[in-house]
Structure formats: structure tokens, C-alpha cells
Amino acid sequence: MEKVQGEMEIERWERSEELSDAEKKVIQETWSRVYMNCEDVGVSILIRFFVKFPSAKQYFSQFKHMEDPLEMERTPQLRKHARRVMGAVNTVVENINDSEKVSSVLALVGKAHALKHKVEPVYFKFFTGVMLEVIAEEYANDFTPEVQRAWTKVKSLIYTHVTAAYKEVGWVQYPNSTIS
């Protein structure tokens, strides 16, 4: 990926790019279709995330030792977390025109994951990438190049705001976090 010079080198997609009004509308339109099946899509996203990044399961005592995706899929805890994750994304999308609200919601998510759950911030980069993969596959007819570009900006927005919250609370491993 292209690097951008600054006080620290930051991958280009980690910077939050401004969404145009047309892109905001596209995000809300595509999300409305996704959110109609929020729990199932959320479960698909989490299962794919844990299959691709099994080290992420370490943060979930209920299923960290499960290897079988079907077994994970059936756990009430995973379904509950899927609803919570999709609800947070829904709040971001619903408030996409209110940057202060979006920032506030993502700051809460970031602080909770940094302070309470002790989740390495890089997992948000991995998670948002998986989220776009799953949505693009399950809603392929809706995921035009224009929609993909808009969602890539949302992915960056989420990661940028969440990691800013990590910095704000003094996350000591950030930015040189390692994955076990």
C-alpha cells in the first residue's frame, strides 16, 4: 500500500477521507438492504473474521477454543456480539451526516475495546476488511465500483476514529502492536 509521509508513516487507507453527499446516500442505501438481515450478515462477518484471523478469538472466552465455524455460528454469544457489532455500524451509517455523532460512537467503541477488552487495534483493520468482503459477496449486485469506493472510505473512517480513541486513552502497544 502507498505510504503517506507525516509525523508517522500511515497507510493511505488509514486516513479518513471525506465522504461526498452522493457517497453517503449510497452507503445508507446499501446498508439498508444489509441491515434487514443484520444478525445473519453479522454472524457471517464474525465467522469469516475468526477463520481468517483465529488469534482474534483470544478476546472471546466463550468460543476462543472452538475451531469449527458451524459450532461458533450456533453459540448465542456470537449471535449476540454480531447484533451488537451490526448495531454499532448501523449507528454510524444512520448518523453519517453528523460527524460529531459518528466520532462519538466510534470513540466509545474504541475506548471499550482498548480499556475493557484489551483488543489490539489492528484487529479493527482486519475486521473492517472482512466486513467489506462479506457484504460485497452477499450483495454483489449492489456492490458496484462506486459503492466499493464509498464503503472503503467508511472502512477508513471507522479505523481512524477507533484508533484515535486508543491513542486518546494511552494504549501502550499502539502503534507497534503485534499479533500473537
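Counting only residues that are in contact with a Pro (Cβ under 8 Å, 6 or more places away or on another chain) and of a type outside the set (F, W, Y), which one in segment 44-59 is most open to solvent (accessible area, probe 1.4 Å)?
For segment 44-59, the residue satisfying everything is V51.
Filter segment 67-94 down to the residues that are outside any helix (DSSP H, G or I) and open to solvent by 40 Å² or more (accessible area, probe 1.4 Å) and list them by number. Give the derivation first.
Restricting attention to segment 67-94, the residues satisfying the condition of being outside any helix (DSSP H, G or I) are 67-68, 74-75.
If the condition is that a residue be outside any helix (DSSP H, G or I) and open to solvent by 40 Å² or more (accessible area, probe 1.4 Å), then E67, D68, R74 are the ones that fit.
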Residue match in segment 128-151 (condition: within 11 Å of the chain's Cα centre (by Cα) and open to solvent by 30 Å² or more (accessible area, probe 1.4 Å)) | no
Assess whether A56 counts as being touching a residue at least 60 places away in the same chain (Cβ under 8 Å) and either at negative phi or assigned to a loop (DSSP other than H, G, I, E, B) (or both).
-> yes
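Out of the residues in segment 95-110 that are polar (S, T, N, Q) and surrounded by fewer than 16 Cβ atoms within 10 Å (Cβ to Cβ), state the one that is farthest from G170 (Cα to Cα).
Restricting attention to segment 95-110, the residues satisfying the condition of being polar (S, T, N, Q) are 95, 97, 99, 103-104.
The next check asks that each one be surrounded by fewer than 16 Cβ atoms within 10 Å (Cβ to Cβ); those that pass are 95, 97, 99, 104.
Working: N95: 27, N97: 29, S99: 23, S104: 17 Å.
My answer is N97.
Conditions (1) outside any helix (DSSP H, G or I); (2) within 17 Å of V34 (Cβ to Cβ), marked per residue:
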position	(1), (2)
V119	yes, no
G129	no, yes
E133	no, yes
E137	no, yes
D142	yes, yes
V147	no, yes
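If you go through segment 34-79 one residue at a time, how many are within 17 Å of A136 (Cα to Cα) and within 18 Å of the chain's Cα centre (by Cα)?
Taking segment 34-79 first, the residues within 17 Å of A136 (Cα to Cα) are 34-49, 52.
Then keep just the ones that are within 18 Å of the chain's Cα centre (by Cα); that gives 34-35, 37-49, 52.
The total comes to 16.
Open to solvent by 50 Å² or more (accessible area, probe 1.4 Å), over 17 Å from F124 (Cβ atoms), basic (K, R) and at pLDDT below 95: does that describe K64? Explain how you work it out, then say what you get.
Values: open to solvent by 50 Å² or more (accessible area, probe 1.4 Å): yes; over 17 Å from F124 (Cβ atoms): yes; basic (K, R): yes; at pLDDT below 95: yes.
Against the criterion (open to solvent by 50 Å² or more (accessible area, probe 1.4 Å), over 17 Å from F124 (Cβ atoms), basic (K, R) and at pLDDT below 95), K64 qualifies.
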Check segment 111-125 and report whether any residue there is more than 22 Å from G170 (Cβ to Cβ) and at pLDDT 95 or above.
-> no
Report the residue count in segment 113-127 for those that are aliphatic (A, V, I, L, M) and over 14 Å from the mean Cα position of the chain (by Cα).
-> 2
What are the residue pairs meeting all of these: first residue in segment 121-137, first residue free of Cβ contacts under 8 Å to residues at least 24 places away in the same chain, second residue assigned to a helix (DSSP H, G or I) and of a type in the set (G, A, S), Cβ atoms under 9 Å, and 6 or more apart or on different chains?
-> E137/S44
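The values are calculated or read from the model by the stated rules, or taken from the named source; none is laboratory data. Please read all numbers here as calculations on a predicted model, not as lab measurements. Note that each Cβ is placed from the backbone with ideal geometry, even for glycine, and that neighbours are counted across all protein chains shown. Side chains are part of the model used for accessible areas, which takes the heavy atoms of the whole protein and leaves out ligands, DNA and RNA. Shrake-Rupley method; radii C 1.70, N 1.55, O 1.52, S 1.80 Å.
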